[in-house]
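S.K.: Just dropping this structure here.
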Amino acid sequence: MSIHRRKTHGLFEPALVNTALKQSFVKLSPRLMVKNPVMFTVEIGTLVMMLVVIYSIVTGDTNEGPLWYNISIFIVLFLTVLFANFAEAIAEARGKAQAESLRKTRQDTPAKKIFPVGEMYVNEVRVVHSSELQLGDMFECEAGDIIPMDGEIVKGIATIDESAITGESAPVIREAGGDKSSVTGGTKVLSDKIIVKVTTQPGETFLDKMIALVEGANRQKTPNEIALTILLAAFTLVFIIVCVTLKPFADYANTPITIAAFISLFVCLIPTTIGGLLSAIGIAGMDRALRANVIAKSGKAVETAGDVDTLLLDKTGTITIGNRKATHFYTANGIGEQDFVELAVLSSLADETPEGKSIIELAQAKGINKSREEDMHFINFTAETRSSGVDLKDGRKIRKGAFDAIRNMVTKHGGTVPKEVEERVKTIAANGGTPLVVALNNEAKGVIELQDIIKPGMQERFQRLRKMGVKTVMVTGDNPLTAKYIAEKAGVDDFIAEAKPEDKMNYIRKEQQTGKLVAMMGDGTNDAPALAQADVGVAMNSGTQAAKEASNMVDMDNDPTKLIEVVEIGKQLLITRGTLTTFSIANDVAKYFAIVPALFVASIPALQGLNIMNLKSPESAILSAVIFNAIIIPSLIPLALRGVEYKPIGASALLRRNLLIYGFGGIIVPFIGIKLIDLIIGFFI
Amino acid sequence: MNTELLGVIITYVLTVLLAIPLGKYIAKTIKGERTILGFMAPVERFIFKICGIDPNKEMNWKQHLKALLTINFIWFIYGFIMLITQGSLFLNPDGNPSQTPDLAFNTVISFIVNCNLQHYSGESGLTYLTQLYVVMFFQFVSAATGIAALFVLFKALRDKVTDQLGNFWVFFVQSITRLLLPLSIIVAIVLAFNGTPTSFEGKDSIVTLQGDSVQVSRGPAAGMIAIKQLGTNGGGWFGVNSAHPLENPNYFTNVVENIAILLIPIALVFALGYYLNRRKLAKVIFGVMTVGFLFILSTSVYSEIKGNPALSKMGVLQPTGSMEGKEARFGPAASALWGISTTATSNGSVNAMHDSMTPMSGAMQMLDMMINAFYGGIGVGILNYFVFLIVAVFISGLMVGRTPEFLGRKIEAKEMKIASVIALLHPLLILAGTALSSYIIVHHPEADWAVKPANWLNNPGYHGFGEMLYEYTSSAANNGSGFEGLGDNNIFWNVTTGFVLILGRFLPIVGPIAIAGILAQKKYIPESAGTLKSDSYTFGLMTFAVIVIIAALAFFPALTLGPLAEHFSLK
């Protein structure tokens, strides 16, 4: 299945901007602001400036600086708070827009509930509201019905349109039993009829959880976010100390400093850029996961994905395309190739397995076609003979099977298998292929080679993962020899051969004991324990309810390679936080050089030497710094929402790169920005 | 002038060359391997035996801190009683008086915390008894406390999940018997042979060429001078410290004493590399510290050699550089080197008057102490650096897209909380202290103290501000040098700096040890290609940036009002 992208909203769609603007004002409420200590202090500063302005207007006192200057500072500070609120609001609005489209599918739908003991019959079907369905209830759905609740099919098979959730328009098949039995409320049955057992409480369906997550209602701060908030709070405190102690210092030096200057210095120094964008970054991370059609049960899960050290991937469907394919015919015992291929095709005519079909396809490519005839007697595969084939009416008996099965058959009839067949079989097995031997009348005639086909682009992906420091492990039911060959060819680092469900579990435990974080993807009920044990478990949406419950993310696309994307989204989230923090703090250098000389230059003219940007006047210097500080927040919103690009180039190289762009850049940019703003302000004052 | 610079370079290079083998030796000692000082083992066993210490009992980080704080508290009581009664005790040939309680409080604390902020003059403020058995004793044990705390950190950083971090008493005793004592003996002998007194007789009197009769203080000084240099203590025998001709007789002793300042702090960085078997990490840490140190050093040396711009403006030639407040036998370059060495390592001894140095040198010395991690005090320098390192690890860990980890341990909210508090503490103590004293000078100049606030400052204006800033910086950094020119022997300064000293000493020990202890118990995560290597030069650059930004940003306004304003005004 190709990776499908949910319809994405433009970064600044007018409708979103409108809601976000409204929300920016709502969020001014101190009760909401206090959650963000950095911006909360800015809000207090703004409030103080407002009082200063009112005082100046009422008394006409200009000891605190000219009125226009105080008003300007007040407005810029107010905008700073609004910008930060806007960043958070626009991220939330984008999430809400996604949620809205989901909510439409959740509208109260009629449900055909089955009452085991009805009013008239046993198993009576009556139409109720979907909200009346309880855990354990049964309902039925026919073609054209919207499935009212999450559940598991207990009877029947149906094609279902899941586009409401996945955005994927191709219908999928769901059937009772097995690993494809779960259905999601809000999706539509296209054909047939199914009976479904409700598996969730009302209000806790998948869709409900998803909407809550997307809207940010359930957003909890992740551990890294908490640690970063602490660090930012510490920086804020340092600058509170700096600004408060500056008052007695200035008194000592006989240098009056206006309230506006104090507050400006403080607001410029505290890390408002990252403080304003922090929650937007977190929401945007969840949003990016959602747009990759992965629903994370918590923000923490996305973050943990970025830390994953080991990735468990199923071979079939993830690393190789679903099934083996015939790639070669090798003749033996002096038979011509044409004849051998004919034998192979005849033996596979009744073989419905993908391998059997691929033999016929390969023969067709060589120009050999055969079709079923009435008088052919087909022998089905049994566990006992471990071979299948056909008896023709001319008395030819053709058999196809694993090497030892055919050898047993041949030796039982007093024959021997030629050396060349045996050697060929060994070579094929050593190359990761599966050999099938074809015998005619108890005489081995040649070998068909079946090979696993590695999905295109997988090698590059594993390369990329290795550079990220993620170890990939292939899980397969194949024998160790075959597994080793495919593992090498695909470029995975390790493999689990002849894997049973508990092997996965043990492998995960073993890795975790050495301190590693493990991610895996699964769909079956027997994957559930391993999914729960893994640090990041991604269940496919088509998987069983048990698998989905045990995992901390669900992939709506059922794309087994999605894990790789999830890891990158997790890393991107952390990188965006780290780089913007660095940028924010590095900015302080230039702001210092703008404001500190401006504070003292009136009474200590010699400090003009520190005014290396040559800003016009103390007022313009302070104003420029505050304005720069304010406008940098909205300018970085797109970056915060999109995330800083992740490049798998190794940790040190990545640090170098980001340090250069966001650290060094963070020092340089404000020097240029403040100077430019000062030049512009210079025209007005 | 070139010879002077050469002297600076040779002194520094020699220090590093000596520090490398010493570092290796220290690492071997912690590992318990055989060293040339193995013969001290019986002495140590004897000490453990009479103290009832089981040297094989390992402690967790909390037990370590408990031991450390308890023993320090006992010393405090002991020292305080000695100082307020010294006048009536023996070994007092000059008949010096007992100290006032507030002075004794300040003195005891300042020696216990390895600071040696002397608000008294050794010749008249102490007796031989208290010089030896309080002051010099504290110089050994406070240095050993720092080293022992650092060893706990070393143990915690091994790639082993454990809460067993060695025995505090073993670390403590061995750092004296195997490191401080032997080195002190060597330095003391060098000094004694160059003319530093080692006598129990009282003041001598000589008649100068002018015919004046002069009383010359002396005493068993050489030993104490050795440990005050080696243990980053700094408290001299004589009031003017190593500017005194008997405390630091010639250029050779000056080189030796200067090496002694830097030797152990640098050696401990190398010891970290040898002990943890992470030499590259040690190299990077040393690199970061050295780049910072050399930048500050060259600024100061340049500024001193260039001379005072105010004098130049008057047309006075200064071919020997700025000589005000310097000893002619050392000259400006060696004095600048000393000034930077002593502030970088929280030593605090001086061989020139810091108050008289050019404003830029003053700024650099304060910056050195504000950062307090470019080598830093014995043991605690690396602990301070460790806090910066944790912050750097955290930010750069995020920047490469992984939950930050250092040496295989995740750095999480709890560690960040502790690191943040410690990083906050230093600016808080210095700025709040200076703010308080500024406030009192402005608003209560006539307060009734031994020295009236109005008379605190010899030089009003920016320089006076610098004097106060320097005093609190020196206290918070446990440095002990003074800008002088500050009337600091009165209740206000004795008490406020006393508290700054305690907080500035013990919290920066408790914090890093707690972080290390918590980290040591965390799951060890093996390295992968995605792990940020903390021993890369890129990461070194990051740490450097964190140090510069935290220190420079917090102190920039204060430095601007003090030495920077003075510097620009002189131009």
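Rule-based calculations on the coordinates, nothing more; no lab input. Bear in mind that the values here come from a model prediction, so they are computed numbers and not experimental data. Ideal geometry is used to build each Cβ from the backbone, glycine not excepted, and the neighbour counts take in all protein chains shown.
S.K.: How large is ³J(HN,Hα), in whole Hz, for each residue of the stretch B:392-401 in order, when computed from phi with the Karplus curve 6.51 cos²θ - 1.76 cosθ + 1.60 and θ = phi - 60°, using x for Gly and Pro?
M.R.: Result, ordered by residue: 5, 4, 5, 5, 6, x, 4, 5, 9, x Hz.
S.K.: Order of B:Glu327, A:Glu162, A:Glu342 from fewest to most other C-beta atoms within 10 Å?
M.R.: Going from sparsest to densest Cβ surroundings: A:Glu342, B:Glu327, A:Glu162.
S.K.: If R₀ is 25 angstrom, what is the calculated FRET efficiency for the pair B:Lys203 and B:Tyr251, using the beta carbon separation as r and rounding to 0.05?
M.R.: My answer for the efficiency is 0.40.
S.K.: I've got another one for you. May I ask you to work out the translational diffusion coefficient for the stretch A:526-644 at 10 °C, viscosity 1.306 mPa s, via Stokes-Einstein with Rh from the Kirkwood sum over Cα pairs, reported in whole µm²/s?
M.R.: D = 86 µm²/s.
S.K.: For the stretch B:250-259, just list the computed ³J(HN,Hα) in residue order, Karplus coefficients 6.51, -1.76 and 1.60, θ = phi - 60°, integers in Hz, with x standing in for Gly and Pro.
M.R.: 8, 4, 5, 5, 4, 4, 4, 5, 5, 4
S.K.: A:Asp394 to A:Ile226: extension gain in nm, 0.36 nm per residue of separation minus the Cα-Cα distance?
M.R.: Fully extending the segment from A:Asp394 to A:Ile226 adds 52.5 nm.
S.K.: Work out the length of the dipole vector of the protein assembly as shown about its Cα centre, built from +1 on the beta-carbon of each Lys and Arg and -1 on the beta-carbon of each Asp and Glu, and round it to the nearest 20 debye.
M.R.: Dipole of the protein assembly as shown, to the nearest 20 debye: 1420 debye.
S.K.: Still on this structure: Would you work out which of B:Ile430, B:Gly273, B:Met224 lies farthest towards the positive end of the dipole of the protein assembly as shown? Charges go on Cβ: Lys and Arg +1, Asp and Glu -1.
M.R.: The residue sitting most towards the positive pole is B:Gly273.
S.K.: Between A:Leu599, A:Leu623, A:Tyr662, whose Cα lies farthest towards the positive end of the dipole of the stretch A:563-664 when Lys and Arg beta carbons carry +1 and Asp and Glu beta carbons carry -1, centred on the Cα centre?
M.R.: A:Tyr662
S.K.: Using amide H atoms built in the peptide plane, which far-off residues or other-chain residues are under 5 Å from A:Ile496 H to H?
M.R.: Here A:Met474, A:Val475, A:Thr476 satisfy the definition.
S.K.: Can you tell me how the stretch B:1-106 classifies by the Cα gyration tensor, rounded, prolate or oblate, using a/c under 1.5 as the rounded cut?
M.R.: Oblate shape, in that a/c is at least 1.5 and b/c is the bigger or equal ratio.
S.K.: Let me ask something else about it. Pop a pseudo-label 7 angstrom from the Cα along the beta-carbon direction at both A:Ala430 and A:Gln459 and give the gap in nm to one decimal.
M.R.: Reported label-point gap for A:Ala430 and A:Gln459 is 2.1 nm.
S.K.: Right, next: So what's the Cα pair-distance distribution over the stretch A:110-204, bin width 5 Å, in %?
M.R.: 3, 15, 26, 26, 19, 8, 2, 1, 0
S.K.: If you take the Cα Rg of the stretch B:377-492 and divide it by 2.2 N^0.38 Å, with N the number of residues, what do you get?
M.R.: The reported ratio for this selection is 1.45.
S.K.: Quick check for me: using +1 on Lys/Arg Cβ and -1 on Asp/Glu Cβ, what's the dipole size of the stretch A:325-451 about its Cα centre, in debye to the nearest 20?
M.R.: For the stretch A:325-451, the charge dipole is close to 220 debye.
S.K.: What order do you get for A:Asp557, B:Asp535 when you list them from fewest to most C-beta neighbours inside 10 Å?
M.R.: By the 10 Å Cβ count, ascending, the order reads B:Asp535, A:Asp557.
S.K.: So for the stretch A:490-588, considering every pair of alpha-carbon atoms, how many percent are separated by more than 19 Å?
M.R.: Percent of Cα pairs beyond 19 Å in the stretch A:490-588: 51.
S.K.: What whole-number volume per residue, in cubic angstrom, does the convex hull of the C-alpha atoms of the stretch A:452-510 give?
M.R.: 76
S.K.: While we're looking at this one, here's another question. Give me the inter-chain shielding for A:229-239: mean count of other chain Cβ atoms within 10 Å, whole number please.
M.R.: The shielding value for this peptide is 6.
S.K.: Sorted from largest down, what three extents in whole angstroms do the Cα atoms of the stretch B:2-570 have along their principal axes?
M.R.: 75, 56, 50
S.K.: Same structure, new question: With +1 on each Lys and Arg Cβ and -1 on each Asp and Glu Cβ, how big is the dipole of chain A about its Cα centre, in debye rounded to the nearest 20?
M.R.: Here chain A has a charge dipole of around 1320 debye.
S.K.: So how far, in whole Å, is the C-alpha centre of the stretch A:304-322 from the one of the stretch A:387-420?
M.R.: 40
S.K.: Compute the separation of the alpha-carbon centres of the stretch A:252-290 and the stretch B:551-571 and state it in Å as a whole number.
M.R.: The stretch A:252-290 and the stretch B:551-571 have Cα centres spaced 25 Å from each other.
S.K.: Now a separate question. Averaged over every viewing direction, what's the projected area of the C-alpha convex hull for the stretch A:337-421? Give it in nm², one decimal, please.
M.R.: Computed as one quarter of the Cα hull surface, the answer is 6.1 nm².
S.K.: Something else now. Could you tell me what % of all Cα pairs in the stretch B:312-372 have separations over 16 Å?
M.R.: Above the 16 Å cut-off, the stretch B:312-372 has 43 percent of its Cα pairs.
S.K.: Moving on. Where the Cα atoms of chain A are projected onto their three principal axes, how long is each span, largest first, in whole Å?
M.R.: Between the extreme Cα coordinates on each principal axis of chain A lie 117, 70, 44 Å.
S.K.: Further question: Which whole-angstrom value gives the distance between the alpha carbon centres of the stretch B:455-518 and the stretch A:55-97?
M.R.: 39
S.K.: Here is a follow-up. Taking the stretch A:491-542 on its own, what percent of its Cα-Cα pair distances exceed 14 Å?
M.R.: 51
S.K.: Still on this structure: Hey, any idea what Rg/Rh is for the stretch B:485-571, computing Rh the Kirkwood way over Cα pairs?
M.R.: Rg divided by Rh gives 1.15.
S.K.: Roughly what would the spin-label model give for A:Val34 and A:Ser298, points 7 Å off Cα along C-beta, in nm?
M.R.: 2.5
S.K.: With just the Cα atoms of the protein assembly as shown, tell me how far they stretch along each of the three principal axes, in Å, largest first.
M.R.: Here the Cα extents, ordered largest to smallest, are 142, 83, 61 Å.
S.K.: Here is a further query. Looking at the stretch B:162-316, I'd like the Rg to Rh ratio, where Rg is from alpha-carbon atoms and Rh is Kirkwood's inverse mean 1/r.
M.R.: 1.10
S.K.: Next up: Could you derive backbone 3J(HN,Hα) for the stretch A:460-470 from the dihedral phi with the Karplus parameters 6.51, -1.76 and 1.60 (θ = phi - 60°), listing whole Hz in sequence and x where the residue is Gly or Pro?
M.R.: Using θ = phi - 60°, the values come out as 5, 5, 5, 4, 4, 5, 4, 5, 6, x, 9 Hz.
S.K.: Can I ask one more? Based on other C-beta atoms within 10 Å, arrange B:His567, B:His64 from fewest to most.
M.R.: B:His567, B:His64
S.K.: For a Förster distance of 51 Å, can you work out the FRET efficiency between the beta-carbons of A:Leu190 and A:Thr514, rounded to the nearest 0.05?
M.R.: E(calc), rounded to 0.05, equals 0.60.
S.K.: Taking 8 Å as the Cα distance limit and 6 or more residues as the minimum spacing, I'd like the relative contact order of chain B as a percentage.
M.R.: It comes to 19 percent, rounded to a whole number.
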